[in-house]
Amino acid sequence: MSARPTSIRIFLADGSPEGIRIVDKSNWVGRAVVSSRAQAGQALRREELSRPGVYLLLGPGDGGAERLYVGEADILRERLKQHATRKDFWTRFVAFTSSDESLNKAVVRYLEARLIGLAKAANQWELDNGAEPSQPPLSEADRADAEWFLAEMLVIYRVLGIDAFEAAAADTAASEASDELTLSARGAEARGREVRDGFIVLAGSRARASETASIHAYMRDLRAQLCERGVLVPDGAHLLFAQDYRFPSSSTAAGVLVGGAANGRMAWKNRDGRTLKAIQDARTDTA
């Protein structure tokens, strides 16, 4: 089914774009509270967080990757207070609740399990959760309602820049075959596509296993972290991409592939030999 136009309202609770944000979607009972860790004390006083709900803790992971923790609570405020003293990595949270009684304990546990399962399957962010919880039993009607709530949450997550729950393959499938680009440099051979929120390296691409002496520490750490998560697997003198993987930019993707600094706009080319830079510039010229 194609996406339909919709309206999302983001209310700046303290008037600052970096402050506490309240997110609502038209014709939906859900509501999100978004806050930095620095403003958590103020955010936790909001009435919405006295209800049941699901939440994400978000922050930097190893090697420049993003890390998240998924949780649920009968009273969001109390659980988030606990995390303020027990978990160090997070810098912001996103908590979802509802304006009615539709989110009970069973439903929020179901949503938590579904989000963890989606994050593990996508393998785009580092997941701080341990074992994946089992889904609680729900009636057919309750499960349908929970899945609808989940679908609306996933839309808002993407609006907030959180792409942890969508596999890179989903973005790849939305691209035209003519958009495929290749990189061949320093022993790396790769295929990829530019997407709306970054650049996807396709499964089967081969990165150079060795690294340049001048590689930045964050790039070295990112490569190591992708190996640890099984995104990159040893393949002789190369590291093989075992899945499609989304990077924030074409240059980050190119740097991981060649094991050092790289200008992705020049390194990636289409079948006619045009660089990504030339393709992007042409789009701007015809706008």
## Note on the structure
Exposure proxy check on Thr252, Thr6, Thr182: fewest-to-most Cβ neighbours within 10 Å is Thr6, Thr182, Thr252
### Query
Whats the longest run of the chain with zero GluC sites (Glu not before Pro) that are DSSP loop and have at most 12 other Cβ atoms within 10 Å?
177-287
### Task
Sort Met153, Met266 so the one with the fewest other Cβ atoms within 10 Å of its own Cβ comes first.
Met266, Met153
### Task
Give the long-range amide H neighbours of Asn129: residues separated by 5 or more places, or on another chain, with amide H under 5 Å away, using H modelled in the peptide plane at 1.01 Å from N.
Val70
### Query
Okay, which of the stretch 217-241 sit inside 20 Å, backbone N to the point 7 Å along the Cα-Cβ direction of Asp88?
218, 221-222, 225
### Relative exposure of Tyr110, Tyr218, Tyr157, judged by other C-beta atoms within 10 Å (fewest first)
Tyr218, Tyr157, Tyr110
### Query
Put a dot 7 Å past each Cα toward the Cβ at Ile8 and Glu228; how far apart are the dots in nm?
3.0 nm
### Query
How many lysine pairs are close in the chain, with Cα atoms under 29 Å apart and the two 8 or more places apart or on different chains?
9
## Note on the structure
Largest-first semi-axes in Å of the equivalent ellipsoid built from the Cα gyration tensor of the chain are 37, 21, 19
### Message
What whole-number distance in Å separates the alpha-carbon centres of the stretch 216-287 and the stretch 111-146?
### Response
30 Å
## Note on the structure
CD proxy, 222 nm, the chain: helix-only mean residue ellipticity via -39,500 (n - 2.57) per DSSP H run with n ≥ 4, per residue, nearest 500, stands at -10000 deg cm²/dmol
### Query
Amide H neighbours of Arg92 under 5 Å, counting only residues 5+ apart in sequence or on other chains, H built in-plane at 1.01 Å?
Arg37, Leu58
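Coordinate-derived values only; no laboratory data. Note that this is a predicted model, so its numbers are computed, not measured. Glycine also receives a Cβ, built like all others from the backbone with ideal geometry; neighbour counts cover every protein chain displayed.
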